[in-house]
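Structure first, then comments.
Each value in this text was obtained by applying a stated rule to the coordinates, not by laboratory testing. These numbers were taken from a predicted model, which means no experiment stands behind them. Here the Cβ positions follow ideal geometry from the backbone for every residue, glycine too, while neighbour counts run over all protein chains shown.
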Amino acid sequence: MNQTMDLLHNRRTHRSFTDEPISSHDKRLIQEATLRAPTAGNMMYYSVLEITDQVKKDRLALLCDNQPMIATAPLVWLFLSDARKWVNYYQESGSVSKGEQKQIPWRAPGAGDLLLAMSDALIAAQSAVIAAESLGIGSCYIGDILENSEQIISLFNLPQYTAVATLVIFGHPKNPKPLEIPSIRCPIESIFMENTYQEPHLEELQKAFGKQEARLRQQNRLPFENSGTIADYYYFRKHTSDFMQEMDRSSRVIIERWLS
Ligand SMILES: Cc1cc2nc3c(=O)[nH]c(=O)nc-3n(C[C@H](O)[C@H](O)[C@H](O)COP(=O)(O)O)c2cc1C
């Protein structure tokens, strides 16, 4: 193993941070590493909003399915898919007019731009997470940022052709690492496939998620008084939950706004 492999293998999500702020030196290092992330066509189809306003952080914590650690985290970064910058550049620099003179009509950013910009933003976010980890700074993704998109759009003045990709909170971890139990992953062969998709069914899935299920059972966390399966756990706790219904509704708003 080398240092990078050690870092990747030992990274954990951290949700509880000390009050120690992230120094401007460390923040700068994370920013610089983030910028080195691969980006489609080297166009940097993303932006990052640092949320420092406590009123906005408090509101964000509520809008993200009420996760108070967002309000208290020392560093909060909102990763945005951002084609707006290029729309403005094309229009304001005259590229669009030059195109029209050559009978090339304007093409508004579409579904392809949205997915590409999402890729850019998420890849940049993961570079930030790893860079932070290398400095002893923990982090947590907040997927619930996809909820309540109307309020999020208005809270941060997001114009069309920007879309929320993810939220990451950072801080110095409160709990020393060795005390944390590493999360369990599926075995390699249940994730990596060759050439054609191999649709998994019950037996393979039980094998793939067996260790996670055993841990949940050991922790007495499975439904039906701990006699249920890991499928029951995610089905009732997540898949059919109110917050997933809201995430679906809100994500549709994000996509339709971009495409309208
Ligand atoms: C897209 C995404 C969304 C996530 N959303 C949340 C969240 O809203 N709240 C939270 O506490 N953790 C969130 N997490 C963290 C996961 O729960 C965590 O990565 C997972 O349990 C595995 O733990 P590990 O990162 O320590 O290996 C999210 C992670 C990802 C990648």
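When only alpha carbons are used to place a centre, segment 206-250 and segment 7-56 end up 30 Å from one another.
In percent, rounded to a whole number, the relative contact order of segment 148-238 is 16, using alpha-carbon pairs under 8 Å and six or more apart.
For the options L216, L167, L78, a Gaussian network treatment of the chain with springs between C-alpha atoms closer than 10 Å singles out L216 as fluctuating the most. Here segment 1-183 is treated with +1 on each Lys and Arg Cβ and -1 on each Asp and Glu Cβ, and its dipole about the Cα centre works out to around 300 debye. Across the chain, the relative contact order, built from alpha-carbon pairs under 8 Å that are at least six residues apart, equals 26 percent. Computed from backbone phi, the HN-Hα couplings of segment 16-22 come to 10, 10, 6, 7, 4, x, 7 Hz, rounded to whole numbers (Karplus: 6.51 cos²θ - 1.76 cosθ + 1.60, θ = phi - 60°; Gly and Pro given as x).
Estimated from helical segments only, the mean residue ellipticity of the chain at 222 nm is -14000 deg cm²/dmol, where each DSSP H run of four or more residues counts as -39500 (n - 2.57). Residues considered: G228, G171, G143. Largest GNM mean-square fluctuation over the chain, using C-alpha springs under 10 Å, is found at G228. Among the listed pairs K27/K56; K27/K174; K174/K238, a Cα-Cα separation exceeding 23 Å is found for K174/K238. Considering only M43, I30, L7, the residue lying farthest towards the positive end of the dipole of segment 1-43 is M43, judged by Cα position with unit charges set on Cβ. Projection of the Cα convex hull of the chain, averaged over all directions and equal to a quarter of that hull's surface, yields 18.0 nm². Residues considered: Q126, Q219, Q31. Largest GNM mean-square fluctuation over the chain, using C-alpha springs under 10 Å, is found at Q219. Of the trypsin sites (Lys or Arg not before Pro) in segment 31-95, the ones in a loop by DSSP (not H, G, I, E or B) with at most 11 other beta carbons within 10 Å are R36. Long hydrophobic helices in the chain: the complete DSSP H runs spanning 18 Å or more by Cα along their own axis with mean Kyte-Doolittle hydropathy of at least -1.0 are 111-134, 242-259.
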